[in-house]
Ligand SMILES: Nc1ncnc2c1ncn2[C@@H]1O[C@H](COP(=O)(O)OP(=O)(O)OP(=O)(O)O)[C@@H](O)[C@H]1O
Ligand SMILES: [Mg+2]
């Protein structure tokens, strides 16, 4: 589905990603893990077109998408959510999803509120994501967890084939994490969306991912199935700490 080919990225003299290569398989859930500052968000920003790499290629279904604008990359079927949710706080949950749908379809907010098509699209996503209880609630009155789910729903409104999620459970109380895991699984299975996400909670990763990629200081240190990751001494040492 997605190939990362020999990607390098520096900020000034600091090398954030170094000759990184791996694949994200179609129809599966792949997790990108690693300590703070490993380069996970930087890689997502390169894939989604928010940053340009110095070197290497990003290939989506055999098409080189390196350096294309975020808007074009979104239109090619890559949706994403951010580590810090970017929502319209005064609008309701449904209005936020409609806004995402409208922007995706190249329209302006002028049509906002009267566009029946975007309303139907939003209703369908609300249904799939099981968000109907909060549909008409302004985002400011929603919990942080609902905000993170809403961000996934907004990414869904862009009709992605591949969904990048940067820490979908960050800042969420443990009691709400299971709910998000279920929804992500559902997306992958029922909607046939390939999921590629970053995460710090290792138990979450093990329960959901079929492939794990581990980064440390911008370098790939492991690529494989979760079970092998847990057995790898490199992963244990670098990701879980020397005493693990
Ligand atoms: N715009 C920038 N300018 C300078 N340095 C940056 C910039 N963005 C990221 N970095 C640096 O690049 C490194 C990788 O950052 P990145 O945010 O990709 O890590 P991460 O793996 O997502 O970490 P976290 O788990 O904390 O989210 C860090 O050392 C960070 O300080
Ligand atoms: Mg990050």
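Rule-based calculations on the coordinates, nothing more; no lab input. In this text, all values refer to a predicted model and were calculated from it rather than measured experimentally. Methodologically, a virtual Cβ is constructed for each residue, glycine included, from the backbone with ideal geometry; neighbour enumeration extends over all protein chains shown.
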For this session: Describe numerically, in nm with one decimal, the distance between label points set 7 Å from Cα along Cα→Cβ at residue 23 and at residue 8.
Result: 2.5 nm
For this session: Have a look at 98, 230, 154 and tell me which one the Gaussian network model of the chain (Cα, springs below 10 Å) gives the largest fluctuation.
Result: 230
For this session: Work out how much length residue 185 to residue 137 would gain on full extension: take 0.36 nm times their residue separation and subtract the Cα-Cα distance, in nm to one decimal.
Result: 14.8 nm
Exercise. P(r) for segment 1-118: what percent of alpha-carbon pairs falls in each 10 Å bin, starting at zero?
Worked result: 12, 37, 30, 18, 4, 0
Exercise. Roughly what angle does helix 93-104 make with the longest principal axis of the chain, taking Cα atoms, 0 to 90 degrees, to the nearest 10?
Worked result: 70 degrees
Seminar exercise, completed: Averaging 1/r across every pair of distinct alpha carbons in the chain and inverting yields a Kirkwood hydrodynamic radius, in angstrom, of 18.5 Å
Exercise. Mind checking which of 33, 73, 152 has the largest fluctuation in a GNM of the chain, springs on alpha carbons under 10 Å?
Worked result: 73
Problem set entry | Cα long-axis angle, helix 174-190 against the chain (0 to 90 degrees, to the nearest 10) | 80 degrees
Problem set entry | Listed residues 133, 228, 199, most fluctuating in the chain (Gaussian network, C-alpha, under 10 Å) | 133
Exercise. Taking neighbour Cβ counts within 10 Å as the exposure measure, how do 52, 104, 116, 80 sort from fewest upward?
Worked result: 116, 52, 104, 80
For this session: Just order 39-50, 14-25 by mean Cβ neighbour count inside 10 Å, highest at the front, would you?
Result: 39-50, 14-25
For this session: Pull out the extension gain between residue 124 and residue 54, defined as 0.36 nm times the separation in residues minus the alpha carbon to alpha carbon distance; nm, one decimal.
Result: 21.2 nm
Exercise. What is the gain in length, in nm to one decimal, between residue 69 and residue 203 on full extension, counting 0.36 nm per residue of separation less the C-alpha to C-alpha distance?
Worked result: 44.8 nm
Exercise. Where does the chain land at 222 nm, in deg cm²/dmol rounded to the nearest 500, when only DSSP H runs of n ≥ 4 count, each adding -39500 (n - 2.57), divided by all residues?
Worked result: -10500 deg cm²/dmol
Exercise. Helix 116-128 sits at what angle to the longest principal axis of the chain, using alpha carbons and giving 0 to 90 degrees rounded to 10?
Worked result: 50 degrees
Exercise. For the chain, what proportion of DSSP beta bridges, expressed in % and rounded to the nearest 5, is antiparallel?
Worked result: 55 percent
